[in-house]
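What follows is a single structure, written as structure tokens, with notes after it.
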Amino acid sequence: MSAYDSNNIFAKILRGEIPNHTVYEDEKVLAFLDVMPQARGHVLIVPKTQAVELSDLPLEYAQAVFASAKKIIAAQRKVLQRHGIVQMQLNGQEAGQSVFHYHMHLIPGHLHELEEHEDKMADHAELAALAAQLREAIA
């Protein structure tokens, strides 16, 4: 396991240094659309604490991640009309983790339909519109 780097992209997003397309936010988590999605509506849930992976994540933040995931999945199903949601979380570089701040992926669709991650940038106007729809469905 590596030490926490406070300059990782999710830490910068949490500090407001990098914009995002927020879907849900509370005092413990920020959830936003992935700008390099594996499928339309790919959401990342990031806890507002320094944790590299699940083994570092305080239980109260793990509970907040899962509570927000339940709300977001319901919104994804309503807005995107996709029942299948891949829930994915990777622990460590050997598992494929590329940003070393704990995060959960919620990806609409079937596992075998998913596109390569970090393959291409999504259209920001489309992401903004979809984020607004998902926020409305969660509210």
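Numbers at a glance
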item: Pair list, Cβ under 6 Å, 6 or more apart: region 93-106 residue closer than 14 Å to Val29 by Cβ, other residue part of a loop (DSSP other than H, G, I, E, B); result: His101/Asn8; Tyr102/Ala51; Tyr102/Glu53; Tyr102/Leu57; Met104/Gln89
item: Selection within region 75-96 - touching a Phe, Trp or Tyr at 6+ places or on another chain (Cβ under 9 Å) and open to solvent by 90 Å² or more (accessible area, probe 1.4 Å); result: Gln93
item: Ala132 small (Gly, Ala, Ser), without any contact (Cβ under 8 Å) to a residue 12 or more places away in the chain and more than 21 Å from Asn7 (Cα to Cα); result: yes
item: Yes/no for Lys120 being open to solvent by 100 Å² or more (accessible area, probe 1.4 Å), more than 25 Å from Lys12 (Cα to Cα) and in contact (Cβ under 8 Å) with a residue 24 or more places away in the chain; result: no
item: Evaluation of Asn7 against (1) buried (at least 20 other Cβ atoms within 10 Å of the Cβ); (2) free of Cβ contacts under 8 Å to residues at least 40 places away in the same chain (one fails), failing number; result: (1)
item: Residue within region 44-59 that is more than 27 Å from Asp5 (Cα to Cα), out of contact with any strand residue (DSSP E or B) (no Cβ under 6 Å at 6 or more places or on another chain) and at pLDDT 95 or above present; result: no
item: Selected residue [at pLDDT 95 or above and of a type outside the set (S, T, N, Q)] from Met104, Met121; result: Met104
item: Scan of region 27-60 for residues that are open to solvent by 40 Å² or more (accessible area, probe 1.4 Å) and either under 15 Å from the mean Cα position of the chain (by Cα) or hydrophobic (A, V, I, L, M, F, W, C) (or both), ordered by number; result: Lys28, Val35, Met36, Arg40, Lys48, Leu54, Leu59
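Matching residues to (1) within 19 Å of Ile85 (Cα to Cα); (2) part of a helix (DSSP H, G or I); (3) touching an Asp or Glu at 6+ places or on another chain (Cβ under 9 Å); (4) open to solvent by less than 10 Å² (accessible area, probe 1.4 Å):
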{"residue": "Ser98", "(1), (2), (3), (4)": "no, no, yes, no"}
{"residue": "Leu106", "(1), (2), (3), (4)": "yes, no, no, yes"}
{"residue": "Glu116", "(1), (2), (3), (4)": "yes, no, no, no"}
{"residue": "Ala128", "(1), (2), (3), (4)": "no, yes, no, no"}
{"residue": "Ala131", "(1), (2), (3), (4)": "yes, yes, no, yes"}
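The values are calculated or read from the model by the stated rules, or taken from the named source; none is laboratory data. Since the model is a prediction, treat every value here as computed from it, not as a measurement. Cβ sites come from the backbone with ideal geometry, for glycine too, and all protein chains shown count toward neighbours. The accessibility values were calculated without ligands, DNA or RNA, using every heavy atom of the protein model including side chains. Shrake-Rupley method; radii C 1.70, N 1.55, O 1.52, S 1.80 Å.
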